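S.K.: To start, I am sharing the structure in question, which I have written as structure tokens.
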Amino acid sequence: MSSLIGKIETEVEFKANADEFYKHVRSEHHEFPNVSSDHIQNVEVHEGDWETHGSIKSWNYSVDGKNEVLKEKVEIYDENKTVTLTALEGSDCLKLYKSYKITFVVVTSTSGDGGVAKIIIDYEKLDETNEEPNHYLNFLANLLKKLDSHLTKA
């Protein structure tokens, strides 16, 4: 495997109802500006809708104090609570990476309360000088922690 191709991942434990948590990760992206207004300014549909596999959305967000855009195509696999976002042309991350794909997998706790959200970023660097996208991974982990807090507020 080329040293330009990589995969990084992390897990975020959550206390919220797993079905509700997955619903937000799956198709309620329009709620994320309410969840984390300091980091997500806007999410809008370009093609399709909020619910449909293959829909295209655009995210306006701030990571490390820098405003960026992610235009993504969503793939939804309800049978294993997996959502994949593939970066499309016009995304800021593609200035550093030839390809960039985020996968979220929501795993319900055996007790039925809460669970774990796995975040996986598959990428291919444009060149050797580009670093792994750890800042994006940290950004996404913090976003899911904020989602959990938002969903568990009394």
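The values are calculated or read from the model by the stated rules, or taken from the named source; none is laboratory data. Source: prediction; values computed, not measured. Counting neighbours? That spans all protein chains shown, and the Cβs are built from the backbone with ideal geometry, glycine included. Surface areas here come from the heavy atoms of the whole protein model, side chains and all, with no ligands, DNA or RNA. Shrake-Rupley method; radii C 1.70, N 1.55, O 1.52, S 1.80 Å.
S.K.: I'm trying to understand the selection: among the residues of region 99-114, which are open to solvent by 30 Å² or more (accessible area, probe 1.4 Å) and of a type in the set (S, T, N, Q)?
M.R.: Ser99, Thr108, Ser109, Thr110, Ser111
S.K.: Conditions first: (1) polar (S, T, N, Q); (2) in a loop (DSSP other than H, G, I, E, B); (3) within 18 Å of Thr84 (Cα to Cα). Thr103 passes all but one, so which condition is the exception?
M.R.: So Thr103 meets the others, but not (2).
S.K.: Find the residue count for region 28-57, including only residues that are hydroxyl-bearing (Ser, Thr, Tyr), in contact with an Asp or Glu (Cβ under 8 Å, 6 or more places away or on another chain) and touching a residue at least 24 places away in the same chain (Cβ under 8 Å).
M.R.: Summing the residues that are hydroxyl-bearing (Ser, Thr, Tyr), in contact with an Asp or Glu (Cβ under 8 Å, 6 or more places away or on another chain) and touching a residue at least 24 places away in the same chain (Cβ under 8 Å) in region 28-57 gives 0.
S.K.: Taking the residues in region 4-20 that are touching an Asp or Glu at 6+ places or on another chain (Cβ under 7 Å) and either over 21 Å from Lys153 (Cα atoms) or in a helix (DSSP H, G or I) (or both) as candidates, determine which candidate is most open to solvent (accessible area, probe 1.4 Å).
M.R.: Lys7
S.K.: Within region 120-133, is even one residue open to solvent by 50 Å² or more (accessible area, probe 1.4 Å) and in contact with an Asp or Glu (Cβ under 9 Å, 6 or more places away or on another chain)?
M.R.: no
S.K.: Here is a follow-up. How many of the residues making up region 85-98 are open to solvent by 20 Å² or more (accessible area, probe 1.4 Å) and closer than 22 Å to His30 by Cβ?
M.R.: Here the count works out to 4.
S.K.: Take the residues in region 22-72 that are part of a strand (DSSP E or B) and of a type in the set (Ser, Thr, Tyr), then tell me which one is surrounded by the fewest Cβ atoms within 10 Å (Cβ to Cβ).
M.R.: Only one residue tops the list, namely Ser62.
S.K.: Listed residues Trp59, Trp50; which is of a type in the set (A, V, I, L, M, F, W, C) and more than 21 Å from Asp92 (Cα to Cα)?
M.R.: Trp50
S.K.: What pairs come up if the first residue lies in region 90-115 and is touching a residue at least 12 places away in the same chain (Cβ under 8 Å) and under 16 Å from Leu137 (Cβ atoms), the second is outside any strand (DSSP E or B) and of a type in the set (Lys, Arg), and their beta carbons are under 8 Å apart, counting only those six or more places apart or on different chains?
M.R.: Correct list of pairs: Val105/Lys81.
Condition check ((1) at pLDDT 95 or above; (2) small (Gly, Ala, Ser); (3) over 21 Å from Tyr22 (Cβ atoms)) across all residues:
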residue: Val107; (1), (2), (3): yes, no, no
residue: Tyr123; (1), (2), (3): yes, no, yes
residue: Asn138; (1), (2), (3): yes, no, yes
residue: Asn142; (1), (2), (3): yes, no, no
residue: Asp148; (1), (2), (3): yes, no, no
residue: Ala154; (1), (2), (3): no, yes, yes
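S.K.: Residues of region 73-84 being crowded, with 20+ Cβ neighbours inside 10 Å and closer than 18 Å to Lys7 by Cβ, which ones?
M.R.: Hit for region 73-84 is Val83, nothing else.
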